[in-house]
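Here's the structure we're looking at; comments come further down.
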Amino acid sequence: MNFSENLRELRKAKDIKQEVLAENLNVSRQTVSKWENGTTRPSICQLPKIANFYKITIQKLLTGKE
């Protein structure tokens with residue numbers, strides 16, 4: 001599973017909307033959408049914030065595996 005698929009699955013598993021994730025990360029909903037569609041990727045500075053939001057490691061965020 002690639003990053004964008006994994007990010008989408010994590011969000012859906014928590015049953016939250018892109019808007020909620022965006023607010024928690026201080027980015028726009030469109031940014032989250034682009035990450036999930038694979039159009040863009042978050043900056044390296046955003047990865048710890050996303051991982052912390054989901055309470056997972058950065059490795060699991062990026063690969064879907066520990």
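The values are calculated or read from the model by the stated rules, or taken from the named source; none is laboratory data. In this text the structure is predicted, and so the values were computed from the model without any measurement. Note that each Cβ is placed from the backbone with ideal geometry, even for glycine, and that neighbours are counted across all protein chains shown. Accessible surface is based on the protein model in full, side chains and every heavy atom, while ligands, DNA and RNA are left aside. Shrake-Rupley method; radii C 1.70, N 1.55, O 1.52, S 1.80 Å.
Cβ-Cβ under 6 Å, sequence separation 6+ or interchain: first residue in segment 35-57 and among the charged types (D, E, K, R), partner open to solvent by 30 Å² or more (accessible area, probe 1.4 Å). Which pairs?
36/8
Looking only at segment 13-48, count every residue that is surrounded by 14 or more Cβ atoms within 10 Å (Cβ to Cβ) and either on the phi > 0 side of the Ramachandran plot or in contact with a Gly (Cβ under 7 Å, 6 or more places away or on another chain) (or both) and tell me the total.
Total satisfying the criteria: 0.
Which of the residues belonging to segment 50-62 are open to solvent by 60 Å² or more (accessible area, probe 1.4 Å) and in a helix (DSSP H, G or I)?
Hits for segment 50-62 are 52, 58, 59, 60, 62.
When segment 6-30 is examined, which residues are found to be under 17 Å from residue 61 (Cα atoms), assigned to a helix (DSSP H, G or I) and touching a helix residue (DSSP H, G or I) at 6+ places or on another chain (Cβ under 8 Å)?
If the condition is that a residue be under 17 Å from residue 61 (Cα atoms), assigned to a helix (DSSP H, G or I) and touching a helix residue (DSSP H, G or I) at 6+ places or on another chain (Cβ under 8 Å), then 6, 7, 8, 10, 11, 18, 21, 22, 24, 25 are the ones that fit.
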